[in-house]
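Novice: One structure, pasted below without further comment.
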Amino acid sequence: MDGYREFIRSIEEGPYELIKRFATHLIKLLNTEEVHIFMYERHRNILRLTGTTSEELEGEVGKLKILLDESSRFRDISEHEELVVSRFELLNVGEEAKMLLKPIVVDDELIGAIAFTVSDEEAHLPGEVKEAVEEIGAALKLISDLSVLKDLRRRLEILEMLSLVHSQIMEPSFLLDATLKLAMDALNAYVGSIWLVENDELVLNMVKGLNGEKVIKNRVPLGYGLVGWVALKKEPLLSVSTDKDERAALDIFDMEIKSAIAAPIDDGENILGVILLANRREEGGYRPYKHFDEFDLGLLDDIGRRLGVTLNRSELYKRLEQEVKNLKRLEEQHQHLIKKQQRQLERLRILQRVSQAMRSSYDVNNAYKILLLGTVSGRGLGFNRALLLLRDRDKHVLKPKYWIGPASDEKLSEEWQDAHARAMRYGDLRQYLREEAILLNLEVGLIESIKDKEIPYRGNPVLERVVLRRKLVHVTKSLVESRYEDYGFLAELLGTEEFVVCPLSGRFDTLGVLIVDNKYTAEPFHEDDLEILGLLSDSAGLTIEAIESYEELRAKTLSLERQKDLVEYLRRFAESILQNLDAAIIVIDREDRIKEWNKKAEVIFGRPREHMLEMKLEEVSPEFFELQEIAGKVYDVGETITLSDYYMKLGNKEMFLDIRFSPLRNPVLGIIEGVIISVEDVTKRHQLEEELKRQERLAILGEMSARVAHELRNPITVIGGFVRRAQKKIDDRKSIEKYLGILQEEIERLEGIVAEILEFSKEARALDFSVFDLGTLVEDVLELYAQRIKDKGIHVVFNQPSGPVEIEADKNRIKQVVINLIQNAIEACNVGGNIRVTVDREGESAVFKVWNDGTPIPKDIMDKIFLPFFTTKTYGTGLGLPICKKIIEDEHGGKIFVESSEDGTIFTVIIPKNPLRKGE
Amino acid sequence: MAKILVVEDEENMRELIMEELTDAGYEVDDAPNAEEALKKLESCDYDLITVDIEMPGMNGLELAGKIREKKKNAKIVLLTAYSHYKNDLASWAADAYIVKSMDFTELKDTVERLLG
């Protein structure tokens, strides 16, 4: 051994040379024919020939292997026991020479084995050999550990690379590509491929390392073959020989697969795909086994899982990126909106200024000018042109009023600059609008040609919609083209094909129309423009209305001032009427205080107005106390109370007054707030009436006396005449007897008359009330007159009541009435006439009627027939009906009356069931 | 002998008048009402007719009018218990108007004058 450093170098150069040197060294010590050194490969449980002194076996170094499994002849080696075997057994070559196979164990771990030729079975190993073997063991262990370390370092490097790749690359296809390259590189694979899960299949995503070979299958179901199994089980799989493991079916490439490893691409939750490496490439350094081993598989598994996580992360990242993009887009939109809103806000502010400027003007025309200037001014809303049409409600037309816009198309920018410069001279927009508007002449330009035009809005779909339905209409080029008949007229008038027609809306009605366009800048109208114009026209409409109502108010105020004089006049007029009324008017309030006392009241009551106002009626004098009490009742009954011929004595003055107490209503509060007492002095009328009554009474008395005189005169004449004749013929006995008979008759007649007069004039007499049937009474009376009725050939019908009609009355007095009426009827009837007598009950009263078809009673007589001593008969006192009236009405509280017409004359008597008992 | 018709509804009065006129030497006939009177006038001529004004049915004034139409030469004397008809006499075609009295002197004088 030439030192440690050399040793390390030799290991790095390749272990076989070193191990050969050990063998050579050992053969000297042992003094034997040949020495072979094996290294133990734990993964596969084999001993592999790594050094030999035999030239014959030189070519087998690194290839020859001895299986140590259960069935092996050499299995005891695993138990660290030495064996004596034949050379052929061991090496498959040469003769049957005996060889000792001695395990090399370091720290109780099988590292390898030494085989050397022995002469006999009890070969004894000298101490030096033991020592040498131990050294070889240590060296082999070093070689083995070093290769493990190398592998670990590589693995670290690869993982580091992988981490780097995975941290740098996010794009999945690049990521897959880089990972596959790295894996193939790290694991020395000829062929590498990545399969990704799509539904229930694995689809070949990429393949590297094919050298003219073809892909037979580029998609396999989950569970199919090596790739499918790995995907299904989510476990890595090492396949050394496709013959030994059916899971290893690898019929996907048109090539021989010597070994393959596959690992799931797994993000820890889901299987995304499979990474597959096939056929290992040879490499430098100690690599006991040339196919993929467990170590490679572990590494690939690691790579697969890392790839899975990275892919997942990449997916997340992609999504995050998308989210960020979305957010950015949203933010941009938001910014845009904010800008738009700021602009709109600014325009709203302008709109407010325009409105304020309009409102500060009390002249409607000026307000309109401000509106137009505000619409087109650069400091205002900045539209190009504006046309104002006012509505004539009666004619249903729009009349052009004002127009604003550049005077000539050529000097457009010049004009605008000029206007802008003027506008900027003012600090305040409102001031600018107010002052500039007054100077503007808006009756030139476009308006000149249409000034006297009247544009009917009815029938025009655009204007009708604007004026009648108060909608804003945005007319565009396409609208004009598609519906020229509706929009063409306005387009031609304005000379542009895009414009907005806005209603000037008042609270209830459209005042006019504002048409705005951008003829020169050709700026299309956007939603926010329409919004602003809508607000503008609405607020302008209301403002105009306010100005108009202000003007109206001013006019009304003027006329009210004029009316004030008239009201004053009317008040004086009413006052004068009140004072000069022929009736006294006293008004008292709810506290009974006198509020009015007109001139006539002064005259009637002899008290001056100024003393009476605010006094209470009862305080005036005791005579008024009753009036105040009655006035108080008006509040309760709520209606006028009337007193007729109210007697009042004030001092020596006696008066008869007609007084009306009327409620004084407050129409607003709906209450009675006082009483109007109107007093008419009817003393004179009263006196006249009294005089008239007296005279009437006298006249009746006179007539009565004459009738009485007449009634008395006839019998007295007859008596006187016969008495005189008796004196002459005193001796003529026969004549005297005749005369005496006549005298007797006439005197009896006189007695009857006197009795009747007495009867009538008697004030009251005791009545004899009893209950009796009126029907029976009438029947009795008719019986009494049966002969007279028969004599005159009168036909009498008596309508009998269904049952007794009992009344409580003085039977004799009622009988007198019945007799009187039936007698009158018989007398009134012509020969062969008709009488109908009825007795019935009407409610609580008994009714007795006598009808006859005799000559009707003339109207003038009918009025008098119940008056005493009135008669059409030549005999009788004329007291019959007055006595009837007295009996029925005065004594029994009933009613008697007569009706007469061509159909006959009917007397009706109504007697209450329980008459008022007069005279008891 | 002059013939007189007395029209009077009241029997005792009629009797009295008839007796007075008979005593005065006239031929006297009577009727209790206007209708009877008109009947009698159809069959018989009278030189003078006394008519009571107040009668039921056709009154004396009416009757007088009818008699005047038929008998132009007959004298008519109206009798009444009242005095207030006097003023209206001119309008009625009667020759005299007498208020009844107990002695009938005025009646007899008038009849004599009218027939004489």
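Novice: Would you pick out the residues in region A:670-691 that are surrounded by fewer than 18 Cβ atoms within 10 Å (Cβ to Cβ) and assigned to a helix (DSSP H, G or I)?
Specialist: A:Thr683, A:Lys684, A:Arg685, A:Gln687, A:Leu688, A:Glu689, A:Glu690, A:Glu691
Novice: What are the residues in region A:162-190 that are in contact with a helix residue (DSSP H, G or I) (Cβ under 8 Å, 6 or more places away or on another chain), among the hydrophobic types (A, V, I, L, M, F, W, C) and within 19 Å of A:Lys208 (Cα to Cα), if any?
Specialist: Listed by number, the residues that qualify are A:Leu162, A:Val165, A:Leu175, A:Leu176, A:Ala178, A:Leu182, A:Ala183, A:Ala186, A:Leu187, A:Ala189.
Novice: While we're on this one: Report yes if B:Leu79 is modelled with pLDDT under 90, assigned to a strand (DSSP E or B) and within 30 Å of A:Glu827 (Cα to Cα), otherwise no.
Specialist: Details: modelled with pLDDT under 90: yes; assigned to a strand (DSSP E or B): yes; within 30 Å of A:Glu827 (Cα to Cα): yes.
It is true that B:Leu79 is modelled with pLDDT under 90, assigned to a strand (DSSP E or B) and within 30 Å of A:Glu827 (Cα to Cα).
Novice: So, in region B:1-11, of the ones that are within 11 Å of chain A (Cβ to nearest Cβ) and modelled with pLDDT under 90, which residue ends up surrounded by the fewest Cβ atoms within 10 Å (Cβ to Cβ)?
Specialist: B:Glu11
Novice: Also, quick follow-up: When the residues of region A:860-909 are filtered to those that are modelled with pLDDT under 80 and more than 21 Å from A:Ile757 (Cα to Cα), which remaining residue is surrounded by the fewest Cβ atoms within 10 Å (Cβ to Cβ)?
Specialist: A:Asp860
Novice: Right, something else. Within region A:767-775, can one find any residue that is in contact (Cβ under 8 Å) with a residue 24 or more places away in the chain, surrounded by 16 or more Cβ atoms within 10 Å (Cβ to Cβ) and part of a helix (DSSP H, G or I)?
Specialist: Yes; the residues of region A:767-775 include at least one that is in contact (Cβ under 8 Å) with a residue 24 or more places away in the chain, surrounded by 16 or more Cβ atoms within 10 Å (Cβ to Cβ) and part of a helix (DSSP H, G or I).
Novice: Listed residues A:Glu70, A:Glu89; which is acidic (Asp, Glu), at pLDDT below 85 and assigned to a loop (DSSP other than H, G, I, E, B)?
Specialist: Among A:Glu70, A:Glu89, only A:Glu70 is acidic (Asp, Glu), at pLDDT below 85 and assigned to a loop (DSSP other than H, G, I, E, B).
Novice: Say we look at region A:564-583 and pick out the residues that are surrounded by 13 or more Cβ atoms within 10 Å (Cβ to Cβ) and either assigned to a helix (DSSP H, G or I) or at pLDDT 90 or above (or both); which of these is nearest to the chain's Cα centre (by Cα)?
Specialist: A:Leu578
Novice: Right, here's the next one. What are the pairs, 6+ residues apart or on separate chains, where a residue within region A:711-728 that is more than 8 Å from chain B (Cβ to nearest Cβ) has its Cβ under 7 Å from a residue that is not in a helix (DSSP H, G or I)?
Specialist: Taking only residues 6 or more apart or on different chains, the pairs are A:Glu711/A:Thr877.
Novice: Any residue in region B:89-116 that is within 12 Å of chain A (Cβ to nearest Cβ) sitting within a Cβ distance under 6 Å of a residue that is crowded, with 19+ Cβ neighbours inside 10 Å and at pLDDT below 80? List the pairs, counting only those 6 or more apart or interchain.
Specialist: B:Lys100/B:Ala81
Novice: Taking the condition surrounded by 12 or more Cβ atoms within 10 Å (Cβ to Cβ) and in contact with a His (Cβ under 9 Å, 6 or more places away or on another chain), does A:Leu750 pass? Working first, answer last.
Specialist: Working: surrounded by 12 or more Cβ atoms within 10 Å (Cβ to Cβ): yes; in contact with a His (Cβ under 9 Å, 6 or more places away or on another chain): no.
It is false that A:Leu750 is surrounded by 12 or more Cβ atoms within 10 Å (Cβ to Cβ) and in contact with a His (Cβ under 9 Å, 6 or more places away or on another chain).
Novice: Of the residues in region A:679-706, how many are of a type in the set (A, V, I, L, M) and within 14 Å of chain B (Cβ to nearest Cβ)?
Specialist: Within region A:679-706, residues that are of a type in the set (A, V, I, L, M) and within 14 Å of chain B (Cβ to nearest Cβ) number 1.
Novice: A follow-up question, please. Looking at region A:63-100 only, could you name the residues that are over 24 Å from A:His291 (Cα atoms) and polar (S, T, N, Q)?
Specialist: Within region A:63-100, just A:Ser86 meets the criteria.
Novice: Could you tell me whether any residue of region A:439-450 is within 42 Å of the chain's Cα centre (by Cα) and surrounded by fewer than 20 Cβ atoms within 10 Å (Cβ to Cβ)?
Specialist: Checked against the condition, which is being within 42 Å of the chain's Cα centre (by Cα) and surrounded by fewer than 20 Cβ atoms within 10 Å (Cβ to Cβ), region A:439-450 yields no hits at all.
Novice: While we're here: Report yes if some residue within region B:27-40 is within 20 Å of B:Leu115 (Cβ to Cβ), touching a helix residue (DSSP H, G or I) at 6+ places or on another chain (Cβ under 9 Å) and either within 12 Å of chain A (Cβ to nearest Cβ) or aromatic (Phe, Trp, Tyr) (or both); otherwise report no.
Specialist: Checked region B:27-40: no residue is within 20 Å of B:Leu115 (Cβ to Cβ), touching a helix residue (DSSP H, G or I) at 6+ places or on another chain (Cβ under 9 Å) and either within 12 Å of chain A (Cβ to nearest Cβ) or aromatic (Phe, Trp, Tyr) (or both).
Novice: Pairs only if they're at least six apart or on different chains, beta carbon under 7 angstrom, first in region A:340-354 and closer than 17 Å to A:Asp538 by Cα and touching a residue at least 60 places away in the same chain (Cβ under 8 Å), second of a type in the set (S, T, N, Q) and part of a helix (DSSP H, G or I); list them, first residue then second.
Specialist: So the pair list comes out as A:Leu351/A:Ser539.
Novice: State all residues of region B:48-82 that are among the charged types (D, E, K, R) and either touching a residue at least 12 places away in the same chain (Cβ under 8 Å) or within 14 Å of chain A (Cβ to nearest Cβ) (or both); if no residue qualifies, say none.
Specialist: Going residue by residue through region B:48-82, those that are among the charged types (D, E, K, R) are B:52, B:54, B:62, B:66, B:68-72, B:75.
Within region B:48-82, B:Asp52, B:Glu54, B:Glu62, B:Lys66, B:Arg68, B:Lys70, B:Lys71, B:Lys75 qualify.
Novice: Right, A:Ile111: under 30 Å from A:Gly298 (Cβ atoms), β-branched (Val, Ile, Thr) and in contact with a Gly (Cβ under 6 Å, 6 or more places away or on another chain) or not?
Specialist: In short, yes.
Novice: Residues of region A:500-521 being over 17 Å from A:Ala367 (Cα atoms) and hydroxyl-bearing (Ser, Thr, Tyr), which ones?
Specialist: A:Tyr520, A:Thr521, listed by residue number.
Novice: Does A:Val754 meet the test of being more than 60 Å from the chain's Cα centre (by Cα), within 12 Å of chain B (Cβ to nearest Cβ) and not charged (D, E, K, R)? Steps first, please.
Specialist: Details: more than 60 Å from the chain's Cα centre (by Cα): yes; within 12 Å of chain B (Cβ to nearest Cβ): no; not charged (D, E, K, R): yes.
No, not satisfied.
Novice: A further question on this structure: Let me confirm something: among A:Glu95, A:Glu157, A:Glu135, A:Glu128, which residue is of a type outside the set (A, V, I, L, M), part of a loop (DSSP other than H, G, I, E, B) and either over 25 Å from A:Pro15 (Cα atoms) or more than 60 Å from the chain's Cα centre (by Cα) (or both)? First the steps, then the outcome.
Specialist: Values: A:Glu157 fails: part of a loop (DSSP other than H, G, I, E, B); A:Glu135 fails: part of a loop (DSSP other than H, G, I, E, B); A:Glu128 fails: part of a loop (DSSP other than H, G, I, E, B).
Only one candidate qualifies: A:Glu95.
Novice: Here is a follow-up. Determine, yes or no, whether A:Ile807 is modelled with pLDDT of 85 or more and assigned to a helix (DSSP H, G or I).
Specialist: In short, no.
Novice: Okay, moving on. Quick check on region B:32-47. Is at least one of its residues surrounded by 15 or more Cβ atoms within 10 Å (Cβ to Cβ), of a type in the set (Asp, Glu), at pLDDT below 90 and part of a loop (DSSP other than H, G, I, E, B)?
Specialist: Checked against the condition, which is being surrounded by 15 or more Cβ atoms within 10 Å (Cβ to Cβ), of a type in the set (Asp, Glu), at pLDDT below 90 and part of a loop (DSSP other than H, G, I, E, B), region B:32-47 yields no hits at all.
The values are calculated or read from the model by the stated rules, or taken from the named source; none is laboratory data. Every value quoted in this text rests on a predicted model; they were computed, and no experiment measured them. Cβ sites come from the backbone with ideal geometry, for glycine too, and all protein chains shown count toward neighbours.
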